Amino acid sequence: YDHHHHHGHKDLRRWRSRTTAAASAYPLFSNPKASSSRHKFYQEALKTARDKFAREISFQSEDKDVSLAKALLYVAAEDETFMVFNREMDACSFLNEGINVCSSSNAREWDSVEQMPLDGKTISEWLSELDAIAKEVEAELVSRDVGCHLVEVLQAVNLVLFELRGFKRSPVLVDSKHSYLHLVLSSGCGSAILLSIIYIEVCRRLGLTIMGSRVGEDFLIWPQTTYPEELFKVTSGHSLFAVVNGRCVEDPRSMASDLTGSSLLGLEIASNRDIVGIALANLIRFHWKCASRSNLGLMLTSPLRHAHNADEKPNKIDKPNVPLLRPQDLKLAIMASERLLILQPHNWALRRDHGMMLYYNREYGKAVQELSICMAFAPEEEAELLEPFVEKLHLMRLESSWKSLGHTASMTVK
């Protein structure tokens, strides 16, 4: 007894030292009151970031006044807040299990979303980074001793972004750093839409309006000009349009390769809100892919086909066949979908996908609500496909409530 008692004191001292070290790195560990206060702080930070995003893309303001950079930095701030809170909760759980928690030198000490560090910089500092890029372009124009002609300005922007700063497009999105604006600015590598957004924001600071449009799988940008033909004149082996948009313009497999000055005028121009929406849709796809990585080929709509198939055997809903997905990535996909619904509230396909993600997250009540709204907007054949699945979700929600009262009887969905 004395031997174990002695070692118990040593273990307790080691546990206390780990707790002390962890408390300095993770505020949740300080005391129970701090834990509750910290949780409330994170919830308020999440709400603030979402509110600021919604205010930025509000339909009450002119589309030209929407800042692409601010909107996407608020997206990053909300997602980062969510991930930081999860990391603190995970560390707290490890500590409770007696697992050593390494202290972090990147302890988050911030009082508002504006002060929150995103890869070492605040939102205002990342906006200043875009200002700095624009100033580099201006310095390049001064050094060349040229006027502000369209071609010279674009050549200077291309030089600074793609040669001096080394920005490049990631062919395949396999890392979240390619999908968030501040991380693309930091790493210099990102998706086509985010590189286009950086290009648009830099040119906006130079007084140059850049247009954009979806063409097939690509998103193309070009300067607003009275004579679009000059964008397609080939100099040094490339047209200015190709230099701005990359190799997709010269790829015969791309729809962009067939564009001319006249066909450019027939494209549907994307608004700033449309561009934010494209970036959010990419985030949904990225996080869903990460969430379902262990379930290759899993489609959001797969359960709808099974529910509608009358030949299949009845499913027991106390054991729903819902595959396990990575919870953090699934939640991030849901958050991106919520933001996109602010922009496109009447998009029935988006609301259907949002409802299906809630189903995979086992939020059956919310899933029923979203899918029921979707049925009101969806074409008749889609609504008929949704109806039996929504009925099944109603029963699953009822059984969840039934079980919470201590009952264990199973129900069968016909």
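The values are calculated or read from the model by the stated rules, or taken from the named source; none is laboratory data. On a predicted model such as this, the values are computed, not experimentally measured, just so you know. Note that we place each Cβ from the backbone using ideal geometry, even for glycine, and neighbour counts take in every protein chain shown. For the accessible areas, the whole protein counts, side chains as well, though only heavy atoms, and no ligand, DNA or RNA atoms are used. Shrake-Rupley method; radii C 1.70, N 1.55, O 1.52, S 1.80 Å.
For the stretch 53-65, a tally of residues being surrounded by fewer than 19 Cβ atoms within 10 Å (Cβ to Cβ), modelled with pLDDT of 95 or more and either within 16 Å of the chain's Cα centre (by Cα) or among the hydrophobic types (A, V, I, L, M, F, W, C) (or both) returns 1.
Which residues, taken from the stretch 362-380, are in a helix (DSSP H, G or I) and not charged (D, E, K, R)? Answer for the stretch 362-380, where residues must be in a helix (DSSP H, G or I) and not charged (D, E, K, R): Y364, G365, A367, V368, Q369, L371, S372, I373, C374, M375, A376, F377. For the stretch 157-185, the tally of residues that are under 17 Å from the mean Cα position of the chain (by Cα) and open to solvent by 30 Å² or more (accessible area, probe 1.4 Å) stands at 7. Checking each residue in the stretch 78-117 for being basic (K, R) and at pLDDT below 65 picks out only R108. Could you tell me which residue of the stretch 211-233 is nearest to V142 (Cα to Cα), considering only residues that are of a type in the set (V, I, T) and surrounded by fewer than 20 Cβ atoms within 10 Å (Cβ to Cβ)? Going through the qualifying residues, I end up with T225. Number of residues in the stretch 247-261 that are in a helix (DSSP H, G or I) and either surrounded by fewer than 19 Cβ atoms within 10 Å (Cβ to Cβ) or of a type in the set (S, T, Y) (or both) equals 6.
Helices (runs of 4 or more DSSP H) fully within the stretch 271-350 that include at least 2 residues being open to solvent by 50 Å² or more (accessible area, probe 1.4 Å) and modelled with pLDDT of 90 or more: 272-291, 327-343.
The number of residues in the stretch 156-196 being of a type outside the set (F, W, Y) and free of Cβ contacts under 8 Å to residues at least 12 places away in the same chain comes to 6.
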